[in-house]
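The values are calculated or read from the model by the stated rules, or taken from the named source; none is laboratory data. If you're wondering where the values come from, they're calculated on a predicted model, not measured in any experiment. A quick note on method: Cβ atoms are made from the backbone with ideal geometry, for glycine too, and the neighbour counts reach across all protein chains shown. The protein model used for the area step is the full one, side chains on, heavy atoms only, and it has no ligands, DNA or RNA in it. Shrake-Rupley method; radii C 1.70, N 1.55, O 1.52, S 1.80 Å.
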Amino acid sequence: TPHPIWRQHPVHPGASGSTLRGAESEAQPRPLPGFLWSCGGAGFEHPCPGRLGDCEAAAPAASSGEDMSSDDDAAPTAAEAAGDTHLLGFSDEILLHILSHVPSTDLVLNVRRTCRKLAALCLDKSLVHTVLLQKDYQASEDKVRQLVKEIGREIQHLNMAGCYWLSGSTIEHVARCHSLVKVNLSGCHLTSLRLSKVLSALQHLRSLAIDVSPGFDASQLSSECKATLSRVRELKQTLFTPSYGVVPCCASLQKLLLYFEILDRTREGAVLSGQLMVGQSNVPHYQNLRVFYARLAPGYINQEVVRLYLAVLSDRTPENLHAFLISVPGSFAESGATKNLLDSMARNVALDALQLPKSWLNGSTLLQHMKFNNPFYFSFSRCTLSGGHLIQRVINGGKDLSSLASLNLSGCVHCLSADSLLRKAEDDIDSSILETLVESCCNLHHLNLSAAHHHSSDGLGRHLCQLLARLCHLRSLSLPVCSVADSAPRPDRAPAPPAMHAVPRGFGKKVRIGVQTCPNPFLGQSTPQPASVFWSLLKKLPFLEHLELIGSNFSSAMPRNEPAIRNSLPPCSRAQNVGDSEVAAIGQLAFLRHLTLAQLPGMLTGSGLVSIGLQCQQLQSLSLANLGMMGKVVYMPALADMLKHCKRLKDLRLEQPYFNANAQFFQALGQCSSLQRLCLVSRSGTLQPDAVLAFMARCLHVVVCHMFTGESLITCKSLQQSLLRSFQAERPALNVVIFPLLHEGLTDVIRDVPMVHLDEITLFKSRVAEEPPNLWW
């Protein structure tokens, strides 16, 4: 159950199935749309698809312009012919639940046209009060305008986040939704004047999310717009230029979320400065603030601007402040104003959620003086927080923290060890600290322990995996690879044979040795061994939906939200003991939706991937990076077999040096019928343009194709232009970036990628407990 601070109004998840087509024939009733039986979220499976004509109220298929209210259109019932089981024989409650997984554009513009019963159900308040266009990549300009025209007055919650392909004139139609209470326009094209026009018509608005782009001018906002903003209680603002945005106009703010994505230099090379904000209104209204959240991209300019936002907070801390969170990559020096703010918070407020820059906590006694009231989220990412301090200052010596739902300890290399800060990477953790943490925070749903070496000793029942198995409520978990290795080599694991066979089909480098054939994933070494502590952990967490196994020393070739580290470090020696058997154990997680595997040098053939593909049928996003020995792509045959079974996979991110994206790879990938986004990152990698074009022609739902390889700039540009020329017209949201990975112009190319894709798939990062649950929508 979400914490009261974050609890939002009910919303309906988006559908994961295919869309309905328009009327095909006036005479022939159309078969039941397949997606109504296989919605990813709904879990409906039915062996007997009925027909839309199997309803006494059914009418012949009508065009989108026909009125469904005429009794003369009624068709004879076909229920007797179809048998007892058919779609419209379900109760209205079940049908509404099914329809809640259909994209809003399809629901209103297509499904509603099929028969009178569905026409009534599709306009039910539970369906039209909340409209989600986020990631509805088939929502074209015409569809969105028609949708607003037909149900605009009924919409109360509208999510258009990341609809970058829609023009500003289409976004302007939101002004017709006069009943809107909550709207998310992040990632949409909006000028100051258009924003003013939209908000002037939304008198009931209480929650708003927008971007503040270069050229924004608050002086262009009308008095009606400012009146609407004065009533807004929740504001999410993504800044691409130094500005206060609309914050000074929001006098009733209770929740403020700020995302700083300002680049240090303009395209012309001019250096930006926070001094550009001088002359703007600098009196944000924080007196009613309950939640303050700021996430900064790398760059000094973002730190300079966020200090201006914090300056007002340091003067007077809001009495009702319950959550204070600042996420900063790298160091962020503490100033006199921020020190006063923290001292005031320690004296005057009790927090439910806390995240601070590591430099504000390291060596500080701040946590000892902070007061917490049923906390539900803590993030101490990258802090030098020792195990002793964690127990004494956060858990208070074992105090009950059953309210804590999410904990981020990524990069806290000492958090599970004794107080000594001289701990070496190969030293074992203090299992008593972890045991106290598990017992005190027994209701954790999200836990991140990545980016650290958490090695367990040989003590019986004291392994990290055995202790974490007690957290039966976990839904997302991020662990370093070395932490899941058995304390001692298992007698049932055969030593890795030397890879000396000739490579078939030319994977990896042009001269390659070491690729073995892919064995049956359920035989031999790839079978999950009950003796494995990792196998036992996953058996105790059957409802896990998000799993990350990331090497302690892994760093992506495309960093952004962290300081750029181009020199890859060798993997931890214990990670060598984590291989195909442990990967195959992941196949136990029948509800797994998101999986990340990075820097697993012990993977020999990748046979465990086949187990995941066969058994994890709910898998929607997959991120693989640096698997097996560096310089050897040994898992390609297994990956090809895996992809054949991933029918619900929407996002695939693959980062592997010397990867050869050839016809066989794209042929296998083409069987992922639900795929929408693909990102390939490969230093010295190659690709076959003809295979890419054939793949895009086969996978009709793919709208993101990002490839950063070792190909020449001419080859990359030619392929990119061919893809856009061939598919842009029929896929309005298509975003294609093909570019050499090590080219000096990569930064300028990256800045043009829509933020929704850049943040979610192009850049690698750990996402477990990254933010508090239910932070916004």
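Here are some notes:
- Pairs meeting the criteria (first residue in region 108-126 and outside any loop (DSSP other than H, G, I, E, B), second residue among the aromatic types (Phe, Trp, Tyr) and modelled with pLDDT under 95, beta carbons under 9 Å, at least 6 apart or on different chains) are lacking.
- Residue ID - modelled with the lowest pLDDT, chosen from residues in region 426-454 that are open to solvent by 40 Å² or more (accessible area, probe 1.4 Å) and in a loop (DSSP other than H, G, I, E, B): Glu426
- Tally of residues being under 18 Å from Leu680 (Cβ atoms) and surrounded by fewer than 17 Cβ atoms within 10 Å (Cβ to Cβ) across region 722-744: 3
- Selection within region 272-310 - outside any helix (DSSP H, G or I), of a type in the set (A, V, I, L, M) and modelled with pLDDT under 95: Leu272, Val278, Val283, Ala297
- Enumeration of residues in region 304-346 that are closer than 20 Å to Asn362 by Cα and of a type in the set (Lys, Arg): Arg307, Lys339
- The test for being among the hydrophobic types (A, V, I, L, M, F, W, C) and open to solvent by 20 Å² or more (accessible area, probe 1.4 Å) does not hold for Val394.
- In region 680-708, the residues that are within 28 Å of Gly162 (Cβ to Cβ) reach residues that are of a type in the set (D, E, K, R) and in a strand (DSSP E or B) with C-beta atoms within less than 6 angstrom, at least six apart or across chains, in these pairs: Val681/Glu655; Val704/Arg677.
- Extreme residue, modelled with the highest pLDDT, among residues of region 241-271 that are closer than 17 Å to Val306 by Cβ and among the hydroxyl-bearing types (Ser, Thr, Tyr): Tyr259
- Of all the residues in region 666-710, those that are among the charged types (D, E, K, R), in contact with a strand residue (DSSP E or B) (Cβ under 9 Å, 6 or more places away or on another chain) and open to solvent by 10 Å² or more (accessible area, probe 1.4 Å) number 1.
- Across region 545-557, the qualifying residues are those that are in a loop (DSSP other than H, G, I, E, B) and out of contact with any helix residue (DSSP H, G or I) (no Cβ under 7 Å at 6 or more places or on another chain), and the one among them that is modelled with the highest pLDDT is Glu545.
- Test: residue in region 180-188 that is closer than 17 Å to Asp106 by Cβ, open to solvent by less than 40 Å² (accessible area, probe 1.4 Å) and assigned to a strand (DSSP E or B): no
- Enumeration of residues in region 323-334 that are in a loop (DSSP other than H, G, I, E, B) and open to solvent by less than 40 Å² (accessible area, probe 1.4 Å): Val328, Pro329, Gly330, Phe332
- When residues of region 130-152 are limited to those that are of a type in the set (S, T, N, Q) and open to solvent by 30 Å² or more (accessible area, probe 1.4 Å), the one farthest from Asp106 (Cα to Cα): Gln134
- Residues of region 189-209 that turn out to be in a loop (DSSP other than H, G, I, E, B), open to solvent by less than 40 Å² (accessible area, probe 1.4 Å) and closer than 18 Å to Thr130 by Cβ, as a count: 2
- Taking region 572-665 as the region of interest, the helices (runs of 4 or more DSSP H) fully inside it that hold 1 or more residues being surrounded by fewer than 22 Cβ atoms within 10 Å (Cβ to Cβ) and not hydrophobic (A, V, I, L, M, F, W, C) are 607-615, 636-643.
- Single residue of region 458-480 satisfying the filter (touching a Ser or Thr at 6+ places or on another chain (Cβ under 6 Å) and either open to solvent by 30 Å² or more (accessible area, probe 1.4 Å) or in a helix (DSSP H, G or I) (or both)) that is modelled with the highest pLDDT: Leu464
- Residues of region 239-258 that turn out to be crowded, with 21+ Cβ neighbours inside 10 Å and either touching a Ser or Thr at 6+ places or on another chain (Cβ under 8 Å) or part of a strand (DSSP E or B) (or both), as a count: 8
- Close pairs (7 angstrom Cβ cut-off, 6 or more residues apart or separate chains): of a type in the set (S, T, N, Q) in region 142-160, open to solvent by less than 10 Å² (accessible area, probe 1.4 Å) anywhere: Gln156/Leu180; Asn159/Leu133; Asn159/Asn184
- If you go through region 335-384 and keep only what is free of Cβ contacts under 8 Å to residues at least 24 places away in the same chain, in a loop (DSSP other than H, G, I, E, B) and small (Gly, Ala, Ser), you end up with Gly363, Ser364.
- Unique residue being among the β-branched types (Val, Ile, Thr), open to solvent by 10 Å² or more (accessible area, probe 1.4 Å) and touching a helix residue (DSSP H, G or I) at 6+ places or on another chain (Cβ under 9 Å) when the list is Thr715, Thr747, Thr762: Thr715
- Residue count for region 345-370, restricted to those that are over 26 Å from Asp427 (Cα atoms), open to solvent by 30 Å² or more (accessible area, probe 1.4 Å) and under 31 Å from the mean Cα position of the chain (by Cα): 1
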